[in-house]
């Protein structure tokens, strides 16, 4: 028994050493542009971490209902989806660096007004502006990383992108959960009023502003793309490819499941489970901590099992935890289920982003990326509004159950569509 335990410990230690050694060698090969981009991602995620915990609660404290909140959140996602294709055109026309700068500036402006105004019209307008900012960022990010890395370190760069994003969100979640009570204690304001949430959201603006700095030092490496036809004809020619249509379908389904439930985890904790903002912030931040460790495993798992198989495994493995989350009224159990679901499900993000870029040609990357995000975020927006309507009628568990069903369908389709394609791609890479 001791010998068996000793072998297990040795295997675990060797695995950890291999992970650290692999990351160190790959990180050392990151380009200066990639490092600056990662700095921008980390700073931006600090602000988004505070937003994730507090914005929904702030809107509800203003007196809006869940259906109104759902409309605001859906406008963000729908604007992201609908602007994804124009964002790709902007990305190709003005360059990756300038697109990221524009995205960051629009985010700063939209957050300032979303945290200040109580007008329904203005909240809707700046939700749309926030969505446009997000479209510019998500369409550009994967393309930028693919162009500023080689096949040697690319999977590690995508993983590090999600890892640093996770660390920043974790710190933001902790700050978002703690700050309202700090303002209540030191400013003597009513704990259940919107004020402590609003002041806490204001602090996140500093991180967005500072995130502009690393972008300014990125060197513009304009990729010389072949002469392309008009954007609309390029779009339709890209859509003729069966692979692209399959990517759009699967990502649309994932977005539909995402929108139904994910924007409302903090609402569920607040209204159904009676958790405080401090508890919610702690739960959200713990999920990011666990996610950091699971993301470190992604390159090792993909090298051993393949990208498509790992995506299918982690997405299906997250579903039992989502069911557990909705099956109890004990905060600690729901918190455990939320943490595990979030950490496991999000392991698929860097793999999906990387795989999507690898199976298309260089001149198609921005267009394909925009089509994928258009499909995903448009479905997120529509289903977010549906989720808000369902919750406003008191059915707080139903959106999460529907999400489970949709994720199962999306995962099965993804595996059926792309498992053989990945195997063929590996054979081509080895032969070349």
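The values are calculated or read from the model by the stated rules, or taken from the named source; none is laboratory data. This one's a predicted model, so the numbers in the text were calculated from it and none came from an experiment. Counting neighbours? That spans all protein chains shown, and the Cβs are built from the backbone with ideal geometry, glycine included.
Residues that are assigned to a helix (DSSP H, G or I), within 21 Å of residue 114 (Cβ to Cβ), modelled with pLDDT of 90 or more and more than 25 Å from the chain's Cα centre (by Cα): does segment 187-198 have at least one? Quick ask: steps written out before the conclusion?
Going through segment 187-198, the residues assigned to a helix (DSSP H, G or I) turn out to be 187, 195-198.
Right, trim to within 21 Å of residue 114 (Cβ to Cβ) and you get 195-198.
Restricting the remaining residues to those that are modelled with pLDDT of 90 or more gives 195-198.
From what is left, the residues that are more than 25 Å from the chain's Cα centre (by Cα) are 195-196.
Looking through segment 187-198, at least one residue is assigned to a helix (DSSP H, G or I), within 21 Å of residue 114 (Cβ to Cβ), modelled with pLDDT of 90 or more and more than 25 Å from the chain's Cα centre (by Cα).
Restricting attention to helices (runs of 4 or more DSSP H) lying wholly within segment 1-112, give those where 3 or more residues are at negative phi, in contact with a helix residue (DSSP H, G or I) (Cβ under 9 Å, 6 or more places away or on another chain) and at pLDDT 85 or above.
32-61, 66-82, 84-94
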- prompt: In segment 363-408, how many are within 19 Å of residue 140 (Cβ to Cβ) and touching a helix residue (DSSP H, G or I) at 6+ places or on another chain (Cβ under 8 Å)?
  reply: 16
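Listed here are the residues, each with its yes/no results for (1) within 20 Å of residue 418 (Cα to Cα); (2) over 15 Å from the mean Cα position of the chain (by Cα); (3) outside any helix (DSSP H, G or I).
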residue: 380; (1), (2), (3): no, no, no
residue: 387; (1), (2), (3): no, yes, no
residue: 390; (1), (2), (3): no, yes, no
residue: 394; (1), (2), (3): no, yes, yes
- line: Among helices (runs of 4 or more DSSP H) entirely within segment 200-315, at least 1 residues that are at pLDDT below 90 and crowded, with 22+ Cβ neighbours inside 10 Å occur in 242-261, 277-296, 298-305
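For (1) modelled with pLDDT of 90 or more; (2) closer than 23 Å to residue 308 by Cβ, each residue gets a yes or a no:
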{"residue": "335", "(1), (2)": "yes, no"}
{"residue": "344", "(1), (2)": "yes, yes"}
{"residue": "351", "(1), (2)": "no, yes"}
{"residue": "359", "(1), (2)": "no, yes"}
{"residue": "365", "(1), (2)": "no, yes"}
{"residue": "389", "(1), (2)": "yes, no"}
{"residue": "397", "(1), (2)": "yes, no"}
{"residue": "402", "(1), (2)": "yes, no"}
{"residue": "418", "(1), (2)": "no, yes"}
task: Within segment 313-332, track down each residue that is in contact with a helix residue (DSSP H, G or I) (Cβ under 7 Å, 6 or more places away or on another chain) and free of Cβ contacts under 8 Å to residues at least 40 places away in the same chain.
output: 314, 317, 321, 324, 328
